[in-house]
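The values are calculated or read from the model by the stated rules, or taken from the named source; none is laboratory data. What you see is a predicted model, and the numbers here were worked out from it, not measured in a lab. Backbone-built Cβ (ideal geometry, glycine too); neighbour counts: all protein chains shown.
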There are 2 protein chains.
Amino acid sequence: MTTPRSARPRPSDPSPGSLEELAGAPLSLRERKKLRTRQTLRREAVRLFAEQGWEATTVDQIAAAAEVSPSTFFRYFPVKEDLLLTDEYDPLMAEAIRARPAGEPFLTSARAVLVGLVRRMLSEQERAELYERMRLAASVPSVRARMMEGAGQPRGMLLDLLTERAGLDAPTLELRITAAAISAALTETSLYWADRGGRDDLADLLDLALEHLQGLAAH
Amino acid sequence: MTTPRSARPRPSDPSPGSLEELAGAPLSLRERKKLRTRQTLRREAVRLFAEQGWEATTVDQIAAAAEVSPSTFFRYFPVKEDLLLTDEYDPLMAEAIRARPAGEPFLTSARAVLVGLVRRMLSEQERAELYERMRLAASVPSVRARMMEGAGQPRGMLLDLLTERAGLDAPTLELRITAAAISAALTETSLYWADRGGRDDLADLLDLALEHLQGLAAH
DNA sequence: TCTCAAATGAGAGTAACTATCAAAAGATGG
DNA sequence: CCATCTTTTGATAGTTACTCTCATTTGAGA
C-alpha cells in the first residue's frame, strides 16, 4: 500500500544512454538488450509527449509503443517522470572535476568543467533532446518537482565530490549548501534556457549563472 | 484525464492557519467554518502521519477523522502533499525585506530578515509543527519534491522581491539564480535541521548557511 | 421567509503504481 | 548441444490518489 507519489528504491541502473561506449567494458547480450529497451522506451515516450502532451500520454501507451508490457515499463522507470530525468552526464562531470587542481575553490572547478562540457558535448541531436526534456520540465510541474528533488541528480554527485575533496565522511551543512546552490543554479539555468525557447547559447548562460553565484554577496 | 502527479490549479486560498487574525477582517460564519475544516484536516492528518506514517495514512482516513467526505478533502487540499506545505510566513518575510534599505545587497537583507524572523517567531508549538513537517519532508521523497517545486514557495516570493527591487518587469537570469540559491539554502538548512533531529538552533544554522552562501567564491 | 450562491456529499471513473507468480530467455559449465 | 541456474519478462489482480458530475445542504442577504 504505497502512494503513487511516494518513495521507492531506484533500480540503480548505471543510467546509460547515448554514450554507451563510455566504460570500455564490452556489453553482454543481456546488457545490450536492456539498454535498447531503455532507449526505446525513452524515445517513444518523448515522441508521444511531443505529439499529445504529458498528461494525455499514459504509461500503457508508452509501453505499447515500445512493445513491452506495462510491468516492464515500471521496472525501467519506477515513476513516469524518470523518463525525463536520467542524466548520463553526471559521471563525466564527476571525473572532470576530480581532475582539477585540489586547491582550487570548488565553484571555480565546477564552473570550468560544466561550461566546458556543455560547450563541447552537444551534438545537435543531444541538444534537441535536452531541450525537449527541459521544455517539458518547465511546463509540467510534476516533472519540474522531480527534477528539483535532486537526490539522484547533480546535487548528490556534487555533494559527494565536495565531501571527498574535504576529506570527510559525512557532509557538513556548508557543503550541502554549496552543492544545493550550484545544483539550483544549474537547474534554473536550464529552465531559463527552455523558457526562452532555446535560442541562447546554453554554455554562455551557464557561465553567466555560475559567475553570478560567485559574486552573490555583492548584489 | 489528468495524472495524479500532474499540474492542477490551487484553490488559491489565502492559506490561513495559526495566524488567522492577521488581516483584521472579521470573518463570516462561512469563512470561520472553512477555516476550521482546513485546520481540522491538517491537524488530524499530521496526527495520523505521526502515528502510522505517511504512506499508511490514506486520504479517506484523514477525511473520516476530520468528519468530512473525501470529496471535500480534495477541495481543500488538491494534493495530499499540500497538507504539509502551506506556509504562512512568506508574507511576513516579504514585508520585512521590503522594509530594508534599498541599496543593501539582497542577500544581506534576506539573511538579516530570515534569521531574525526565525529567531523570534517560533512559539514552542510552531517550532514543533515546523519540525514535524520537515521531518516528513526529509523522509518522504514526494513531499520533499513538492516542497522543492518552488513556484508557490519562498523562491517565487524572493524572485518577486528581487525583480521589484531591480525595477524590472520580468526577472533576469541573474535574479533567478539568486532567488534559487537562497531558496535552496533555506530548504537545505531546514532538511539538515530535521536530519539532525532538530537539536540545533535553526536560526543559527540559517545564519551560517547564508553566510556561507555569501562567501561561496572562496571555498 | 424567500432566493441565490457557495459548500458538501455521493458515486462512478481513470491512471499511476505494487505484489505475486509463472513463463521465457540469456549465462554457464560440462 | 544439453542441462541447470539466474535474470528478465508478462499477466493478473489490487490499491490509492485524484477527477467529474450532479443532487443536496447550508449560510448570506433581502
field: Considering residues of segment A:205-219 that are under 19 Å from the mean Cα position of the chain (by Cα) and more than 7 Å from chain B (Cβ to nearest Cβ) only, the residue nearest to B:Thr108 (Cα to Cα)
entry: A:Leu210
task: Check B:Leu175, B:Leu202 and return the single one that is buried (at least 21 other Cβ atoms within 10 Å of the Cβ) and within 11 Å of chain A (Cβ to nearest Cβ).
output: B:Leu175
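Can we say A:Ala102 is of a type in the set (A, V, I, L, M, F, W, C), modelled with pLDDT under 95, in a helix (DSSP H, G or I) and more than 16 Å from the chain's Cα centre (by Cα)? Outline the logic, then answer.
Details: of a type in the set (A, V, I, L, M, F, W, C): yes; modelled with pLDDT under 95: yes; in a helix (DSSP H, G or I): no; more than 16 Å from the chain's Cα centre (by Cα): yes.
In short, no.
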message: Residue pairs, Cβ under 8 Å, 6 or more apart or interchain, first in segment B:55-69 and of a type in the set (D, E, K, R), second more than 10 Å from DNA strand C (Cβ to nearest atom) and assigned to a loop (DSSP other than H, G, I, E, B). List them.
response: B:Glu55/B:Val140
query: Taking segment B:30-78, which residues are surrounded by 16 or more Cβ atoms within 10 Å (Cβ to Cβ), in a loop (DSSP other than H, G, I, E, B) and in contact with a Lys or Arg (Cβ under 7 Å, 6 or more places away or on another chain)?
result: none
field: Residue pairs meeting the criteria (Cβ under 9 Å; at least 6 apart or on separate chains; first without any contact (Cβ under 8 Å) to a residue 24 or more places away in the chain, in segment B:95-106; second part of a loop (DSSP other than H, G, I, E, B) and surrounded by 10 or more Cβ atoms within 10 Å (Cβ to Cβ))
entry: B:Pro105/A:His219
- request: Count, please, the residues in segment A:65-93 that happen to be under 27 Å from A:Leu161 (Cβ atoms) and at pLDDT 90 or above.
  value: 6
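Give segment B:38-80 a look and list any residue that's more than 14 Å from every other protein chain (Cβ to nearest Cβ) and of a type in the set (A, V, I, L, M, F, W, C), or say none. Outline the logic, then answer.
Of segment B:38-80, the ones more than 14 Å from every other protein chain (Cβ to nearest Cβ) are B:38-44, B:46-47, B:50-51, B:63-76.
If the condition is that a residue be more than 14 Å from every other protein chain (Cβ to nearest Cβ) and of a type in the set (A, V, I, L, M, F, W, C), then B:Leu41, B:Val46, B:Ala50, B:Ala63, B:Ala64, B:Ala65, B:Ala66, B:Val68, B:Phe73, B:Phe74 are the ones that fit.
Being among the acidic types (Asp, Glu) and away from DNA strand D (no atom under 16 Å from the Cβ) is the filter here, so list the residues in segment B:57-115 that pass it.
As a first pass, look at segment B:57-115 and keep what is among the acidic types (Asp, Glu): B:60, B:67, B:81-82, B:87-88, B:90, B:95, B:104.
If the condition is that a residue be among the acidic types (Asp, Glu) and away from DNA strand D (no atom under 16 Å from the Cβ), then B:Asp87, B:Glu88, B:Asp90, B:Glu95, B:Glu104 are the ones that fit.
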- request: Residue by residue through segment B:81-128, note down the ones that are more than 14 Å from chain A (Cβ to nearest Cβ), within 20 Å of B:Ala184 (Cα to Cα) and of a type in the set (D, E, K, R).
  value: B:Asp87, B:Glu88, B:Asp90, B:Arg119
